[in-house]
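Beneath this line is the structure, given in structure tokens, with notes to follow.
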Amino acid sequence: MEVKAKLSYLRIGPRKVRLVADIVRGWSVQEAMDHLKYMPRAAARPLFKLISSAVSNADQRGSVDVDNLYVKTICVDQGPTLKRWRPRARGRADRILKRTSHITVVLDEK
């Protein structure tokens, strides 16, 4: 039985989140959460919370054994980009792109 959880508009760029998501894809939930807890990346904390949210969703269903769950897929998509301007010399301006991410986690039983 598959269980999903989504996180939208995370203010971290999708390339940075994919680095962390690629590591825990395919692992058991307990193993993934243990690694994410001590990983020194900014994207590790939101992924930890998202996986724990998916485990809570599975627990609410009742028909799923939480101990046998593993991370089936983690999909990181790009959200909308916030465009900002930085003043530069001689009246010019540079564009700053503040990227966002949408993350979808799917857990399944072994």
For the ranges 60-72, 26-38, what's the packing order if you count other beta-carbon atoms within 10 Å of each residue, average per peptide, and put the highest first?
26-38, 60-72
With Cα Rg over 2.2 N^0.38 Å as the read-out, I listed (i) 2.54; (ii) 0.94; (iii) 1.30; which label goes with the value calculated from this structure?
(iii)
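When Lys and Arg each count +1 and Asp and Glu each count -1, what net charge do the other residues less than 12 Å away from Ala44, Cβ to Cβ, add up to?
Around Ala44, the charge tally is +4.
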Under the 7 Å Cα-to-Cβ spin-label approximation, Tyr38 and Gln60 lie apart by a distance in nanometres of 3.2 nm
Hypothetical label at Thr81: residues of segment 89-110 whose amide nitrogen lies under 11 Å (7 Å Cα-Cβ projection)
95-100
Give me the net charge for the shell around Val66: Cβ to Cβ below 13 angstrom, other residues only, Lys and Arg +1, Asp and Glu -1.
-3
What residue among Ile74, Ile23, Ile12 shows peak mean-square fluctuation when the chain is described by a Gaussian network model with Cα springs under 10 Å?
Ile23
Computed FRET efficiency, Cβ-Cβ of Asp22 and Ala89, R0 41 Å: what is it to the nearest 0.05?
0.55
Those lysines that a straight Cα-Cα span of less than 21 Å connects to Lys72, excepting residues fewer than 8 apart in one chain
Lys4, Lys6, Lys16, Lys37, Lys49, Lys110
Once you charge only the Cβ atoms, +1 for Lys and Arg and -1 for Asp and Glu, what is the size of the charge dipole of the chain about its Cα centre, to the nearest 20 debye?
1460 debye
Quickly estimate the mean residue ellipticity at 222 nm for the chain, helices only: each DSSP H run with n ≥ 4 gives -39500 (n - 2.57), and the total goes over all residues, rounded to 500.
-11000 deg cm²/dmol
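Between Lys98 and Ser53, what's the calculated FRET efficiency when r is the beta-carbon distance and R0 is 22 Å? Round to 0.05.
For Lys98 and Ser53, the calculated efficiency is 0.35.
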Angle between the Cα long axis of helix 14-24 and the longest principal axis of the chain, 0 to 90 degrees, nearest 10?
20 degrees
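Bear in mind these aren't lab numbers, they're just calculated from the coordinates by the rules spelled out. Predicted, not measured: the structure shown is a model, and the values here were computed from it. FYI the Cβ positions are ideal-geometry reconstructions off the backbone, even for glycines, and counts take in every protein chain you see.
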